[in-house]
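One structure is given below, encoded as structure tokens.
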Ligand code: CDV
């Protein structure tokens with residue numbers, strides 16, 4: 001048995017005016033709860049240090065850059081690392097990264113139990129658009145503020161397990177999970193900011209948003225025989241509600257724990273990495289059953305091409 005007691009640290013709303021220091025205090029409170037609950041790994045949401053700023057159209061680059069971290073840890077976030085180290089808890093959280101070369105990514109990091117960073121992931125699937133869209137009831141400007149991740153889908157050896165990360169919209173793409181599954185990932189951690197109310201499909205209900213989030217995570221877990229920890233930033237950010245419903249999904253696709261609120265809330269589950277073994281060796285024994293000679297379209301094209309050659 002390789003048990004990791006995992007805390008999924010859902011976070012409630014962060015308003016545009018909230019400073020990082022206030023958010024860091026909330027993260028530390030969640031870390032203290034996690035320590036009391038026996039957690040050794042805690043996962044926080046996507047872009048968890050600030051409000052979900054891609055909903056705001058900003059033209060001034062200095063203002064844009066104020067949402068980004070140029071180093072990690074930095075003075076504002078160092079207390080999170082210090083508390084995690086003191087508790088012996090590994091952490092994973094999302095933030096907006098500006099590199100020394102001036103590149104911008106939507107990034108998630110992973111540490112070991114000494115709070116040393118063992119790896120980072122940069123979001124590959126960026127939803128939304130890059131210019132102000134007057135047709136939308138609210139903006140989703142990830143394509144404006146971030147480049148697509150340039151690291152692929154790395155998997156790291158940490159705490160005697162193989163661990164990978166996804167970020168928000170990535171969870172809706174089976175290719176993303178499979179990239180991790182093909183590297184033996186036993187644990188997949190992801191954070192999300194999912195608006196309730198679809199600016200392009202106003203009829204979509206909140207329950208349908210939650211259903212699709214669960215469906216995607218449960219399918220990804222089952223089809224790759226991995227634990228999936230999906231952690232929301234939830235609640236109402238300056239009048240913009242976000243989907244809650246953080247979950248921990250077992251490798252058989254069942255939900256092991258689920259958030260009950262739309263605020264700061266810690267879900268705890270003892271996840272046995274050996275529980276991935278049956279799915280990996282039997283149901284989804286990739287090396288025996290995958291037929292890569294038939295999968296060329298997966299990496300050979302993006303949009304639909306019908307059999308008669310016309311493009312969708
Ligand atoms: N932050 C995200 O990636 N959000 C998307 C929304 C825009 C659909 C998501 O997939 O949840």
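Please treat every number below as a calculation from the coordinates, not as lab data. None of these values were measured; they are calculated from a predicted model. So basically every Cβ, Gly included, is an ideal-geometry build from the backbone, and we count neighbours across all protein chains shown.
A compact table of results
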item: Enumeration of residues in the stretch 153-163 that are without any contact (Cβ under 8 Å) to a residue 60 or more places away in the chain and in contact with a helix residue (DSSP H, G or I) (Cβ under 7 Å, 6 or more places away or on another chain); result: 153, 155
item: Matching entry among 274, 262 (being over 21 Å from residue 108 (Cα atoms), part of a loop (DSSP other than H, G, I, E, B) and touching a residue at least 60 places away in the same chain (Cβ under 8 Å)); result: 262
item: Index of the failed condition, residue 245 passing every other in (1) on the phi < 0 side of the Ramachandran plot; (2) within 15 Å of the ligand (Cβ to nearest atom); (3) not in a helix (DSSP H, G or I); result: (1)
item: Conditions (1) away from the ligand (no atom under 13 Å from the Cβ); (2) closer than 20 Å to residue 8 by Cβ; number of the one not met by residue 190; result: (1)
item: Number of the exception - residue 232 against (1) within 30 Å of residue 135 (Cα to Cα); (2) out of contact with any strand residue (DSSP E or B) (no Cβ under 6 Å at 6 or more places or on another chain); result: (2)
item: Residue that is surrounded by the most Cβ atoms within 10 Å (Cβ to Cβ), among those in the stretch 95-144 that are within 12 Å of the ligand (Cβ to nearest atom), touching a residue at least 40 places away in the same chain (Cβ under 8 Å) and more than 14 Å from the chain's Cα centre (by Cα); result: 142
item: Number of the exception - residue 72 against (1) touching a strand residue (DSSP E or B) at 6+ places or on another chain (Cβ under 8 Å); (2) over 18 Å from residue 117 (Cβ atoms); (3) assigned to a loop (DSSP other than H, G, I, E, B); (4) away from the ligand (no atom under 16 Å from the Cβ); result: (2)
item: Test result for residue 48, more than 16 Å from the ligand (Cβ to nearest atom) and either in contact with a helix residue (DSSP H, G or I) (Cβ under 6 Å, 6 or more places away or on another chain) or not in a helix (DSSP H, G or I) (or both); result: no
